[in-house]
Every structure is written in C-alpha cells, then in structure tokens.
Amino acid sequence: LQDQVPPVALEEIYGVLEEEFSRPWQEMVEYFEDKPLASASMAQVHRARLVGGREVVLKIQRPGIREVIAADIAVLKQVVSIIERYLPALMVYQPDELVKMFEQSITEELSFRREAANLLHFQKMFRENDQVLIPAIYRELSTDKVLCMEYVPGYKITDIDQLSLFNITGQELALRGIGLYFEQVFEHGFF
C-alpha cells in the first residue's frame, strides 16, 4: 500500500462515479477538479463543488482494487502454506493469524460506508474539543466506493513553514497528536 502513486485515468474515475450513483453524477456535482489532491493505492481524492455551492472532496476507490487485494491475500496465504511446510519453526509467530487479521482490516478499509460511520463516530467523540475538526460527511453522496466530505483546507504536518504561521512548533503539534491519540484509546476506546 502506497500513499503516492500515479493517478487513475479520469475516464475510470468517472466510471466509478457513474457505477455508484443511481443517477448521472453530473446532476449532483457542478464542478469536478480533474487533477487529484491525492492518489494512493486504494483511492484517490478529487476536489469538487456540489450543485448549490458546497465545496467537497470525493474519495474515489480505484477500479479493480478489490481484485488486486484479493490476489495479494491469496499470495500471502500461499506463503503461509510454504512456511508451514518448509519452515515449521516459524509457525510459532502465527503467520496464518497475521494474514487473517490483515485480510479483515483491509476488507474494512475497502468499505467507505464504514469509514463514513467511523468519521461520524469521531465527530461525536470530539464535539467538545476545539483542537479537532472532523469534516462533515455527505452520506447521500457516499457509497461503498465513494466518500463525499466537506473540503477543509490544510497543510501537511511536515510543512514546517506553514506550522510557524500558526505559532506552533513541530514538537507542540506532535504532543497534541499524542494526547489526542491517548484520548481516543483510553477515554473512548475507539481509534
């Protein structure tokens, strides 16, 4: 899995949008930015404007990624059977269980509806915390392969010049992040 990969051709992205919605996606979207904001192994993100003016991002699953992941998992299962047969001492590490956990986790990641539900849960968890902004989710425009959410401008955590404009150091930001992570785990039991 990579977070910087070549983008999928626009025709394929449009194909996913057409496949996922019961009506032409152009009826809901008045502007679609051709160049993705981000392109990763499982999806790419495009900025858009909905009819009515709301600025959003559309996270669109890569066509065929489910089949690619299924093939990768099949290869991992084959590797486990080879380990079991030729390197039985390594079975103490339970590679079969690791593959099962990976398969469950990646399958959950492929469901953008689940991701939308998780984001809504995070909104509830952090509604009283002004240090956290969770983008609004547009459920009516979100499917298993498309996630539509509010566009929130921002900067990469590694952009030190931008951090200095907000009077925060990298160390302070890291400490806030760690604190929020601990809150997720120890107070909410959800991360």
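Could you give the accessible area per residue of the chain, probe 1.4 Å, as a whole number in Å²?
Numbers: 12680 Å² over 191 residues.
Value for the chain: 66 Å² per residue.
Pairs of alpha carbons in the chain separated by more than 31 Å make up 33% of all such pairs.
Given charges of +1 on the Cβ of Lys and Arg and -1 on the Cβ of Asp and Glu, with all other atoms neutral, how large is the dipole of the chain about its Cα centre, in debye to the nearest 20? Write out the running numbers ahead of the final one.
Working: 19 positive and 30 negative charges, 32 e Å.
Using Cβ point charges on Lys, Arg, Asp and Glu, the chain gives about 160 debye.
Stretching the chain fully between ARG66 and ARG114 yields a gain of 15.7 nm (0.36 nm per residue, less the alpha carbon separation). For region 143-191, the Cα-based Rg and Dmax, in that order, read 14.7, 39 Å.
For LYS77, a cut-off of 17 angstrom between C-alpha atoms picks up these aspartates and glutamates, skipping any fewer than 8 places away in its own chain: GLU67, ASP96, GLU97, GLU103. Taking the Cα of VAL152, stepping 7 Å toward and past its beta carbon, and measuring to each backbone N in region 118-146: which are under 16 Å? Inside the label zone: 118-139. With a Förster radius of 41 Å applied to the C-beta separation of LYS124 and TYR86, the computed FRET efficiency comes to 0.25. Normalising the average separation of contacting C-alpha pairs (under 8 angstrom, six or more residues apart) by the number of residues puts the relative contact order of region 32-82 at 25 percent.
Taking 0.36 nm per residue of sequence separation and subtracting the Cα-Cα distance, how much length would be gained by fully extending the chain between LEU180 and ASP161, in nm to one decimal?
Details: separation 19, 0.36 × 19 = 6.84 nm, distance 2.32 nm.
Length gained, LEU180 through ASP161: 4.5 nm.
Surface composition of the chain: carbon plus sulfur atoms contribute 55% of the solvent-accessible area (1.4 Å probe, protein chains only, all chains present). Note on region 112-173: dipole from Cβ charges, positive end direction compared against PRO153, ILE168, PHE122; the farthest Cα belongs to PHE122.
Just check region 77-174 against the gyration tensor rule for me: Cα atoms, a ≥ b ≥ c as the square roots of the eigenvalues, rounded for a/c under 1.5, and otherwise prolate or oblate depending on whether a/b exceeds b/c. All intermediate terms of the calculation are to be shown ahead of the outcome.
Numbers: a/c = 3.12, a/b = 1.71, b/c = 1.82.
Because a/c hits 1.5 or more and a/b fails to exceed b/c, region 77-174 counts as oblate.
Which pairs, out of LYS35/LYS156; LYS59/LYS100; LYS35/LYS59, put more than 22 Å between their alpha-carbon atoms? Listed pairs above 22 Å: LYS59/LYS100. If a paramagnetic tag sat 7 Å from the Cα of ASP34 along the Cα-Cβ line, which residues of region 3-18 would have the backbone N under 12 Å from that point? Residues passing the 12 Å test: 10-11.
Mind ranking 153-164, 91-102 by how tightly packed they are, going by the mean number of other C-beta atoms within 10 angstrom, highest first? Intermediate values should be presented prior to the final figure.
Values: 153-164: 10.5, 91-102: 12.7.
My ranking of the peptides, most packed first, is 91-102, 153-164.
When all protein chains stay in place and ligands, DNA and RNA are ignored, the 1.4 Å accessible-area order of GLU20, GLU12, largest first, is GLU12, GLU20. The stretch between LEU133 and SER41, if pulled fully straight at 0.36 nm per residue, gains 30.6 nm over its current Cα-Cα span.
Mean residue ellipticity at 222 nm, helices only, the chain: -13500 deg cm²/dmol; runs of at least 4 DSSP H residues each add -39,500 (n - 2.57), and the sum is divided by the number of residues.
The values are calculated or read from the model by the stated rules, or taken from the named source; none is laboratory data. These numbers come from a predicted model, not from an experiment. Positions of Cβ are backbone-derived with ideal geometry, glycine not excepted, and every protein chain shown enters the neighbour counts. All accessible areas refer to the heavy atoms of the entire protein, side chains included, with ligands and DNA or RNA removed. Shrake-Rupley method; radii C 1.70, N 1.55, O 1.52, S 1.80 Å.
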